[in-house]
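Reviewing the structure listed below.
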Amino acid sequence: MPDKVGVITGASRGIGLAIAKKLADNNISLVLISRNEDKLKEIVKELKNSENHLVYGVDVSDFKSVGAILKDVIEKKGQIDFLINNAGITKDTLLLRMREEDWDSVININLKGVFNFVKHTIPYMAKKRYGKIINISSIVGLMGNPGQSNYAASKSGIIGFTKSIAKEYGAKNITANVIAPGFVETDMTKKLPESVIEDYKKAIPLRRFATPEDIANVVSFLISSSSDYITGEVINVSGGLYI
Ligand code: NAP
């Protein structure tokens, strides 16, 4: 896919890094975002067409900074065709012990971060009458999970937000879809105790966690023309854990 530009948040590791590799292999010019700009600079060196990609160290929850970097992207690249909102965190604890800052940081990064990027990108997509937005939620946003009420709220919020954007911007030829992964082998799930991981694997019909590439493959489909008539959808990629 030459001449297309894709923004990926949370590209420094895990799912975002796998998406970056996949899209770079498809000859897409990338804009990689995370708080760690030095790490992104190292990553870019290993990607196909490394000279085509841009990196920015920014906190996705910072509305003004996100607006400034996206303006810079447009000045340098002239367009944004794909936006993949993937950056996310967990601050897991039961509601009884949840501090206000545990709630605020998860909502601000996971949900407001998506708003910030969509809000600042969609005018450019609307002008070009083309764009594909993919937001990474979680099956926890569909089914809830004890100890993750803040995370579940942020991930459910992404789903309602995406469906609304799909309705508002379909007439401008912009699609917006959600991927809801189950458990994926990344730093996020490494924090879980081994016994919990084994119990979850038993509950997953496919009997394994996803690899980051399993999620990147679905992103690859959603940015391709094969998905042109799909919008406002939630694609569950959980190995059958949530059916
Ligand atoms: P991860 O390995 O912990 O990576 C998270 C990414 O988000 C990193 O690149 C991190 O970069 C970035 N990030 C975090 N806070 C940020 C902020 N404030 N501003 C900018 N970037 C920020 O997580 P992952 O497992 O790949 O998860 C990626 C997405 O998939 C998340 O939205 C997560 O909720 C979702 N998900 C994951 C799973 C799973 O089992 N792993 C399941 C369902 C959904 P820096 O630290 O360099 O800033």
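Out of Ile19, Val237, Ile159, whose Cα points farthest toward the positive end of the dipole of segment 5-237 (charges: +1 Lys, Arg; -1 Asp, Glu; placed on Cβ)?
Working it through, the farthest residue towards the positive pole turns out to be Ile159.
Just grab the label-to-label distance for Lys172 and Lys41, each label 7 Å out from Cα along the Cβ direction, in nm (one decimal).
That separation, rounded to one decimal, is 3.4 nm.
Which of the trypsin sites (Lys or Arg not before Pro) found in segment 46-155 are loop residues per DSSP with 12 or fewer other Cβ atoms within 10 Å of their Cβ?
Those that pass, being in a loop and sparsely packed, are Arg99, Arg129.
Multiplying the sequence separation of Ser226 and Asp62 by 0.36 nm and subtracting their Cα-Cα distance, what value in nm do you get?
Extra length from Ser226 to Asp62 when fully extended: 55.7 nm.
Beyond 18 Å, what share of the Cα-Cα pairs of segment 120-183 remains, rounded to the nearest whole percent?
40 percent
In nm, what is the difference between 0.36 nm times the number of residues separating Arg207 and Leu96 and their Cα-Cα distance?
36.7 nm
Calculate, for the chain, the solvent-accessible area per residue in square angstrom, rolling a 1.4 angstrom probe over the heavy atoms of the protein chains.
48 Å²
Can you sort Glu51, Glu42 by solvent-accessible area, 1.4 Å probe, largest first?
If we order Glu51, Glu42 from most to least accessible, we get Glu51, Glu42.
Just how far, in whole angstrom, is segment 110-142 from segment 149-186 if you go by their alpha carbon centroids?
With segment 149-186 and segment 110-142 each reduced to a Cα centre, they are spaced 8 Å.
Using Cα pairs closer than 8 Å and at least 6 residues apart in sequence, work out the relative contact order for the chain, in percent.
19 percent.
From the P(r) of segment 107-243, can you give the percent of Cα pairs sitting at distances over 26 Å?
Of all Cα-Cα pairs in segment 107-243, 25 percent lie more than 26 Å apart.
Amide H of Val184 versus every other amide H placed in the peptide plane: which residues, excluding those fewer than 5 positions away on the same chain, fall under 5 Å?
Ala210
Please list the three semi-axes, largest first and in whole Å, of the ellipsoid equivalent to segment 5-237, using sqrt of 5 times the eigenvalues of its alpha carbon gyration tensor.
Ellipsoid half-lengths, sorted descending, are 27, 19, 18 Å.
Need one word for segment 1-79: rounded, prolate or oblate. Basis is the Cα gyration tensor (sqrt eigenvalues a ≥ b ≥ c); a/c below 1.5 gives rounded, then a/b vs b/c decides.
oblate
Rounded to a whole number, what % of the accessible area of segment 148-203 do carbon and sulfur atoms account for, probe 1.4 Å?
55 percent
The values are calculated or read from the model by the stated rules, or taken from the named source; none is laboratory data. Remember, it's a predicted structure, so these values are computed and weren't measured experimentally. In this analysis, Cβ positions are derived from the backbone assuming ideal geometry, glycine residues included, and neighbour counts consider all displayed protein chains. When the accessible area is computed, the model is the full protein with side chains, heavy atoms only, and any ligands, DNA or RNA have been set aside. Shrake-Rupley method; radii C 1.70, N 1.55, O 1.52, S 1.80 Å.
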